[in-house]
Amino acid sequence: MAIKKIHSASGFFIAFFVGFHLFNHVWSILGADKHIELMNTFRLFYRNIFVESVLVISVLVQIVSGLKLFMQKRKNAISAFEQLHIWTGLYLAFFFIVHLGAILGGRFLLHLDTNFYFGVAGINSFPFNLFFIPYYGLAIISFFGHIAAIHSKKMKQTVVGLSPNSQSIAILIFGLLLTIIIFYGLTNHFRGVPIPEEYNILIGK
């Protein structure tokens, strides 16, 4: 019970940050400059030692507690949403480990600004995009899938004619559509994004 409460508390803080982060990515449909401009505005609030420390600790807590909960619940997950809950949680744990390591490595080892170009270098370069497109795409879908599964479990009321399960399916569909919109922006509307020279180190150039 204590692990679930800790997991939920850290998850709430992370979800709040991810919401702004995904909105920032949606903004990329207006171009890389607009994406970076909005990111710099958001950074005024979260790019400081206090907020970043809380965020990193929350991610680490989420990974450890999530893996423990996965081991506890994987054999008892029967329904589709229960299965969705544990498997999306497992993928998010994997994503957080890789993504956090990449961000910290990019900032402190490669001395790069981990902005729009840091994220899209792999997405817009073959053969790296064979990994990075599903890597990022599954992360967004898993985020909304995890929320949908929790919503299905917690929500008991019909809203605008939708049952709790139907509401959860709507959340999942929203996540799928948002993923398409984000990739539309991150790939410069599917034509590819020119990568500044300093970021070529990420793709072996």
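Structure summary
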quantity	calculated
On Cα atoms only, tilt of 49-73 relative to the major axis of the chain in degrees	50 degrees
Directionally averaged shadow of the stretch 108-177, computed from the convex hull of its alpha-carbon atoms, nm²	6.7 nm²
Degrees separating the helix 2-26 axis from the principal Cα axis of the chain, which is the longest one	40 degrees
Rg/Rh ratio calculated on Cα atoms of the stretch 2-203 (Kirkwood radius)	0.98
Proximal aspartates and glutamates to residue 154, defined as alpha-carbon separation beneath 20 angstrom and excluding residues fewer than eight positions away on the same chain	82
Above-threshold pairs, the threshold being 18 Å between Cα atoms, out of 5/73; 4/73; 68/156	68/156
Order of 155, 71, 39 - criterion: other Cβ atoms within 10 Å of each residue's Cβ, fewest first	71, 155, 39
The stretch 7-58 versus the stretch 176-200: alpha-carbon centroid distance in Å	18 Å
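Where a number appears in this text, it was derived from the coordinates with a stated rule and is not lab data. Bear in mind the structure is a predicted one, so any value in this text is a computation, not a measurement. Positions of Cβ are generated from backbone atoms using ideal geometry, with glycine treated the same way; all protein chains shown enter the neighbour counts.
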